[in-house]
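Engineer: One structure follows; several queries about it will come next.
The values are calculated or read from the model by the stated rules, or taken from the named source; none is laboratory data. Note that the structure is a prediction, hence the values are computed from the model and not measured. Counting neighbours? That spans all protein chains shown, and the Cβs are built from the backbone with ideal geometry, glycine included. For accessibility, only protein heavy atoms count, side chains too; no ligands or nucleic acids. Shrake-Rupley method; radii C 1.70, N 1.55, O 1.52, S 1.80 Å.
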Amino acid sequence: MKKTTDLLSRSNNDKQEAKKAINTLQEQIRYHNYRYYVLDDPVLSDGEFDRLMVKLQALEDKFPELQSPDSPTQQVGGAPGTELSSVPHPTPMLSLQTVYDKDEVKNFDKRCRENLNKEDIQYMAEPKYDGLAVELIYDKGRLSIAATRGDGQTGENITANIKTIKEVPLVLIGQEGIAPPDRLVVRGEIYMLLDEFKQLNEQRAKAGEPLFANPRNAAAGSLRQLDPKVTAQRPLHIFLYQVVQSEGHSFKTQFEVLQTLTKWGLKVNREKSQLCSGIEEAIDYHQHLAQIRDSLKYEIDGVVYKINLLSDRQELGFRTRNPRWALAYKFKPRQMTTSIKAIEVQVGRTGVLTPVAILEPVRISGVEVSRASLHNQSEIERKDIRIGDTVLVERAGDVIPYVVKPITEKRTGSEHIFHLPDQCPVCGSEVIMSEDKKKALCTGITCEAQLRKRISHFASKGGMDIEGLGEKMAVQLVNSGMVKDLSSIYQLQETDLLAMERMAEKSTDNLLQAIEASKDKNLSNFLFALGIPIVGEHLARVLCEYFATIDDLMKASQDKLFSIKEIGPEVASSITAFFANPKNLQVIEEMRQAGLSMSNPYYTKESFQPLAGTSFVFTGTLEHWTRDKAKQLVESLGGRTTNSVSKETNYVVAGPGAGSKLQKAEELNLSIMNEQEFIQFIEKHQKKGQ
Ligand SMILES: [Zn+2]
């Protein structure tokens, strides 16, 4: 009996000892984290620090019940969630009034001085980071909630992710007699160092993952991860700059806020924050930061001025969208002039053609720029960009620079106007352009540039619904050379598939069965699966109502297509261009040979459409039929109705009270009918069909 009690008390003692040791270790590690991450002034070597962590981890492994959620060992990321929940902000997270001009800064100062009735105002000038604003809430010194700005009222709960950032203390520390407050709501910015951003993108490029456009996107993407372990792998940093609530500790100035946050273990940018004793000094500081911005390790895009005295801020208060006591003075964007040597055309995976300017290489803020997307034909024409032009190129935070404008004064006459080609540079198929010239699409289903995307679209749910043939599989099939166009899907053999990496017998069987089953899909699914530009699931169905077979559709003229109510001129020309491409027809024929049914259960419309290709305009009052009924009758016979009279109009039906439309029809010398004539016209055509 005595023995057992001894054992029990020994283990209790062990636990007591362990608890003490864990507390001491946690405290030490927190302090050294603070020296390292916040002050950038470590007093331990990395090796010594690692030994502390190993010791703590070992103790926590032995006594898991003693591991607290805010232990430094927990900063590697917890379990993934299914979605980010939302959290209301204690007070709205407002944006700042932004200006680009020195005079506007002076106006701001003048307004503040007038309202406060002061000669001079002290401003705290801090860098404006190109990152992601966050809010941290500490209750009793422990990090309880971290949130994004969201819509300003409510943000996304990113606590689990924020906890993986080493610069964010999970527990505040008290120093120099200043204890952390009971509750602290503090705001700041999460950002990525330029070097680390570059490395991250290099890693992603190697792994075949999409690249981040800029450090801000990378930081935002990393913070909004559902799996905190992913966030933990990303090089994120923080600067805190604003206290919203602080229960149990009051501040007088922004200067004091920054000093005190550091003492509590929170990282602030003391080095690049400057107290300015008037607006002139503040403007000078803006100039200084603009000059050194390219030497900074992180991206900044301006300076934020905040009135230093907090009682002044209180007096000025807020507008609806921003505080009256702060201002963001942004830098001018970084621009350089260079020339356009050529314009290249890229064909994307969805068949979109994008013009890209090939530039005489130029360095913009340390980065060599030699290409810039021109987006689309409309953009080129709007800016009047020509090959050979001297142009102004801008690089904002983005990796991809863009052409601001041509410098027309420098034209010599040897510049060339550029047009996107009528034929795809990859496969030679016809290119169709949207009316607003913002989108140009290759119509070739055999186009190599798009094959992978086309295959996964073909196999998608609304299409042929082939399970197991997603984008990854499509990539494998294309890379292995087994699939050269859509029809080769139906030529796949079991032995070929088994030879591929990671293909077991079961998944091969399943895929082949799904491919076989897809042959029974109807014409509507098939038309959608073909990926005819601008023909989605709905239009595929509409086409099936009007055309009994795919052959009927292939033969349809643009006029005939256009006479269908839901089909506009762009869709009509897209369809005819698609079926005019012999390569497309060949692939369809090969699929037919492979046994695709292409059956059509939706065909309902009479094939009798004597008014196909004609258009009608109604004006004035109708007495026999309502306007809607009259329109329906025209459409049921294949005609179209429009609201305005143009050269394209064939017939104008004019009732009593007809006005300007009738006048215009007379001017254009169009056929004009009164209601009685229209009734006879319709009846005559209806009879023909009987
Ligand atoms: Zn093409």
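Engineer: Cross-link partners among lysines for LYS560, C-alpha distance below 16 Å, same-chain residues fewer than 8 apart left out?
Structural biologist: LYS605
Engineer: Here's something else I'd like to know. Quote the FRET efficiency, to the nearest 0.05, computed for LEU296 versus GLN663 with a Förster distance R0 of 56 Å and r equal to the Cβ-Cβ distance.
Structural biologist: After rounding, the FRET efficiency stands at 0.25.
Engineer: Could you report segment 497-584's accessible area per residue, 1.4 Å probe, as an integer in Å²?
Structural biologist: Working: 3970 Å² over 88 residues.
Here the residues of segment 497-584 average 45 Å² of exposed surface.
Engineer: Sticking with this structure for a sec: As a check on your grasp of the helix formula, calculate [θ] at 222 nm for the chain: sum -39500 (n - 2.57) over DSSP H runs of n ≥ 4, divide by the residue count, round to the nearest 500. Could the numbers behind the result be given before it?
Structural biologist: Working: 24 runs with 255 residues, N = 690.
Counting only the DSSP helices, I get -11000 deg cm²/dmol.
Engineer: Can you run phi through the Karplus equation (6.51, -1.76, 1.60; θ = phi - 60°) for segment 235-246 and list ³J(HN,Hα) in whole Hz, with x for Gly and Pro?
Structural biologist: Whole-Hz 3J(HN,Hα) from phi for segment 235-246: x, 9, 9, 9, 10, 8, 8, 8, 9, 9, 9, 8.
Engineer: To continue, here is another question. Taking +1 at the Cβ of each Lys and Arg and -1 at the Cβ of each Asp and Glu, which of GLN377, VAL304, LEU420 sits farthest along the dipole of the chain towards its positive end, judged by Cα position relative to the Cα centre?
Structural biologist: VAL304
Engineer: Going down the table (LYS341/LYS383; LYS128/LYS297; LYS19/LYS229; LYS332/LYS410; LYS128/LYS263), which pairs top 19 Å between alpha carbons?
Structural biologist: LYS19/LYS229; LYS332/LYS410; LYS128/LYS263
Engineer: Now, a different point. With a point put 7 Å past each Cα toward its Cβ, work out how far ARG113 is from LYS252 in nm, to one decimal.
Structural biologist: 2.4
Engineer: Continuing with the same structure: For segment 431-593, divide the Cα radius of gyration by the Kirkwood radius and give the resulting Rg/Rh value with two decimals.
Structural biologist: 0.99
Engineer: Please pull out the direction-averaged projected area of segment 568-617, using the convex hull of its alpha-carbon atoms, in nm² to one decimal place.
Structural biologist: Average of the hull's projected areas for segment 568-617 equals 5.4 nm².
Engineer: Would you mind checking which residues have amide H under 5 Å from SER144's amide H? H placed 1.01 Å from N; only 5 or more apart, or other chain.
Structural biologist: Residues meeting the criterion, in which the H sits 1.01 Å from N, are ILE137, TYR138, ASP139.
Engineer: Roll a 1.4 Å probe over the protein heavy atoms and report the accessible area of THR604 in Å², nearest 10.
Structural biologist: 100
Engineer: With only alpha-carbon pairs counted, each pair once and no self-pairs, how large is the Kirkwood hydrodynamic radius of the chain in angstroms? Could you put the intermediate results ahead of the total?
Structural biologist: Working: mean 1/r = 0.0314 Å⁻¹.
Over the chain, the inverse of the mean reciprocal pair distance is 31.8 Å.
Engineer: Could you please report the charge total around VAL304, scoring K, R as +1 and D, E as -1 over all other residues with beta-carbon less than 9 angstrom from its beta-carbon? Don't skip to the answer; put the middle values down first.
Structural biologist: Working: positive: LYS128, LYS306; negative: GLU126.
Residues near VAL304 contribute +1 overall.
Engineer: May I ask for the percentage of alpha-carbon pairs in segment 615-688 that lie more than 18 Å from each other?
Structural biologist: Details: 847 of 2701 pairs.
Distances greater than 18 Å cover 31 percent of the Cα pairs.
Engineer: Arranged from highest to lowest average of other beta-carbon atoms within 10 Å per residue, in what order do the peptides 405-412, 545-552, 457-464, 183-190 appear?
Structural biologist: 183-190, 457-464, 545-552, 405-412
Engineer: I'd like the accessible area for THR350, computed on protein heavy atoms only with a 1.4 Å probe and all protein chains in place. Round to 10 Å², please.
Structural biologist: 80
Engineer: Additional query: With every protein chain left in place, what is the accessible area per residue of segment 98-330 in square angstrom, probe 1.4 Å?
Structural biologist: Accessible surface, normalised per residue, equals 45 Å².
Engineer: Which whole-Hz ³J(HN,Hα) couplings does segment 152-158 yield from phi under the Karplus relation 6.51 cos²θ - 1.76 cosθ + 1.60, θ = phi - 60°, glycine and proline marked x?
Structural biologist: Per residue, the Karplus-derived 3J(HN,Hα) values read x, 8, 10, x, 8, 6, 10 Hz.
Engineer: Now for a different question. I need the semi-axes of the equivalent ellipsoid of segment 334-417: take the C-alpha gyration tensor, multiply each eigenvalue by 5, square-root it, list largest first in whole angstrom.
Structural biologist: Semi-axes from the Cα gyration tensor: 19, 18, 11 Å.
Engineer: Let me ask something additional. Quick one: which residues, 5 or more positions from LEU84 or on another chain, have an amide H under 5 Å from its amide H? H modelled 1.01 Å from N in the peptide plane, none for Pro or chain starts.
Structural biologist: So LEU84 has HN proximity to no qualifying residue.
Engineer: Something else now. Search the structure for amide H atoms under 5 Å from the amide H of ILE364, placed 1.01 Å from N in the peptide plane, and list their residues when 5 or more places away or on another chain.
Structural biologist: Close amide H contacts, sequence-distant or interchain: VAL369.
Engineer: Moving on to the next point. Could you pull out the pairs from LYS555/LYS684; LYS437/LYS472; LYS565/LYS631; LYS206/LYS461; LYS163/LYS272 whose alpha carbons sit more than 21 Å apart here? Walk me through the numbers before you get to the answer.
Structural biologist: Working: LYS555/LYS684 27 Å; LYS437/LYS472 32 Å; LYS565/LYS631 11 Å; LYS206/LYS461 31 Å; LYS163/LYS272 25 Å.
The pairs that break the limit, which is 21 Å between Cα atoms, are LYS555/LYS684; LYS437/LYS472; LYS206/LYS461; LYS163/LYS272.
Engineer: Still on this structure: Name every cysteine in the chain that ends up alone, with no second cysteine's Cβ under 4.7 Å, or say none.
Structural biologist: Those would be CYS112, CYS276, CYS544, since no other cysteine Cβ in the chain comes under 4.7 Å of theirs.
Engineer: Show me the ranking of peptides 323-330, 534-541 by mean Cβ neighbours inside 10 Å, starting with the highest. Intermediate results must be reported in sequence, preceding the final value.
Structural biologist: Details: 323-330: 21.0, 534-541: 16.6.
Listed from highest to lowest mean packing, they are 323-330, 534-541.
Engineer: Same structure again: Counting DSSP beta bridges with both partners in the chain, what percentage is antiparallel, nearest 5?
Structural biologist: Close to 85 percent.
Engineer: Whole-Hz ³J(HN,Hα) for each residue in segment 208-220, computed from phi via Karplus 6.51 cos²θ - 1.76 cosθ + 1.60 with θ = phi - 60°, x for glycine and proline: what do you get?
Structural biologist: These are the phi-based 3J(HN,Hα) values: x, 8, x, 7, 7, 6, 7, x, 5, 4, 5, 5, 5 Hz.
Engineer: Heavy atoms only, probe 1.4 Å: what % of the accessible area of the chain goes to carbon and sulfur, would you let me know?
Structural biologist: Details: 16760 of 35260 Å².
Of the solvent-accessible surface of the chain, carbon and sulfur hold 48 percent.
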